[in-house]
Amino acid sequence: MTPARIVTSDAAGIELAINALQRGAAIGMPTETVYGLAADASNPNAVASIYAIKGRPNFNPLIAHVASIAMARSEGVMDKRAEALAAAFWPGPLTLVLPVAANGRTCELARAGLNTIAVRVPSHPVAQALLTRMQGPLAAPSANPSGKLSPTRATEVAAELGDAVELVLDGGPCAAGIESSIVAILPDAAPVLLRPGAVARDQIESITGPLAKPSGTGITAPGQLQSHYAPRARLRLNAEHAEPDELLLGFGPQAPIGAANLSVSGDLTEAAANLYQRLRQLDASGARKIAVMRVPCEGLGEAINDRLQRAAAPR
Ligand code: TXA
Ligand code: MG
């Protein structure tokens, strides 16, 4: 596969990207969580190309990325609870699932025909510059082929999606390294945590009170597809040490020196930022089996364990 062109994200690079997006092309866009595969959310042909490039089932809806809270309000209906979450976390790694606004510009295909919409205001300066210049929503799933690890570097997007994307804007390594947290704020219902992510549950609950679990009815959330975020190697979780045919992915100071480690100091923010990188590195080293040490389930550990469990699921 010919890798996509990587473009420096200066003013000229942003203009190249805007030009591509306005023609309906898809591009790689950096965000603070992971890289996105972005296209004009108001253009059904452009959105269709996202599903095709990712090999993603088109019943799985996309997130509409916008520049500001004001623009989010024109895509989704925000009640007081949504406004409070937006004030606390936007711009940043939180996605809200809201009732669709009457005159929203995101096309039906991007929402997979639902009457709800996922909206997020990313904080990455390159995403902000692009969205401000675009003056409209960009639909963007993570820029990985469906079922594979999400990319946190421009080079990964360029290599894995190839010239199916017109260009990849280089915004450096993603700071959070794990996808946004997704919370549904819908009428006559408690807030629901649809996907744990880069904003820890207790931070969200400090605004909303207790979050409900997904009901199982309604929409299939990202990782409800059981095997998602998967490396090539098999994973064994909560391991104490590696067996002879395994490579170890450690966590914390108790891991053997020299082993791959999510965070030597046991810091969960650092572990989230390193998660996909370490799995990719172990994959690239030819590992067939990876034994992953226990990561505590508090704070960002909830999202890390969610991704590890999906990566370890049978496929
Ligand atoms: O951090 C992120 O959220 C990244 C960056 C690129 O912004 N994006 C991302 O998108 O992770 P994606 O498509 O890989 O995951 C978003 C998930 C989808 O899988 C979908 O199931 C869920 O959001 N979703 C979208 N619209 C929804 C809706 N109306 N109701 C429930 N879930 C929805
Ligand atoms: Mg994804």
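Structural remarks
- From the options E108, E83, E15, residue that is at pLDDT 95 or above, within 12 Å of ligand 1 (Cβ to nearest atom) and either over 15 Å from the mean Cα position of the chain (by Cα) or assigned to a loop (DSSP other than H, G, I, E, B) (or both): E108
- Residue pairs meeting the criteria (Cβ under 6 Å; at least 6 apart or on separate chains; first more than 16 Å from L186 (Cβ to Cβ), in segment 196-218; second away from ligand 2 (no atom under 16 Å from the Cβ) and in a loop (DSSP other than H, G, I, E, B)): A200/G299; A200/L300; E205/L211
Listed here are the residues, each with its yes/no results for (1) of a type outside the set (K, R); (2) within 15 Å of D163 (Cβ to Cβ); (3) surrounded by fewer than 24 Cβ atoms within 10 Å (Cβ to Cβ); (4) touching a strand residue (DSSP E or B) at 6+ places or on another chain (Cβ under 7 Å).
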residue	(1), (2), (3), (4)
G24	yes, no, yes, yes
G28	yes, yes, no, yes
Y35	yes, no, no, yes
A38	yes, no, no, yes
P44	yes, no, yes, no
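- Checked against the criterion of being assigned to a loop (DSSP other than H, G, I, E, B), within 24 Å of A17 (Cα to Cα) and touching a Lys or Arg at 6+ places or on another chain (Cβ under 6 Å), the candidates P61, P122 yield just one match: P61.
- Hits in segment 256-305 - residues which are surrounded by 23 or more Cβ atoms within 10 Å (Cβ to Cβ), out of contact with any strand residue (DSSP E or B) (no Cβ under 7 Å at 6 or more places or on another chain) and more than 16 Å from A176 (Cα to Cα): V295
- Any hit, segment 89-98, residues being at pLDDT 95 or above and either surrounded by fewer than 17 Cβ atoms within 10 Å (Cβ to Cβ) or among the β-branched types (V, I, T) (or both): yes
- Any hit, segment 225-237, residues being free of Cβ contacts under 8 Å to residues at least 24 places away in the same chain and on the phi < 0 side of the Ramachandran plot: no
- Leading residue by the ranking (most open to solvent (accessible area, probe 1.4 Å)) among those in segment 139-179 that are within 15 Å of ligand 2 (Cβ to nearest atom) and outside any loop (DSSP other than H, G, I, E, B): K148
The values are calculated or read from the model by the stated rules, or taken from the named source; none is laboratory data. Values in this document were obtained by computation on a predicted structure and should not be read as measured data. Every residue, glycine among them, receives a Cβ derived from its backbone with ideal geometry; neighbour counts consider all protein chains shown. Surface accessibility is based on the protein's heavy atoms, side chains included, excluding ligands, DNA and RNA. Shrake-Rupley method; radii C 1.70, N 1.55, O 1.52, S 1.80 Å.
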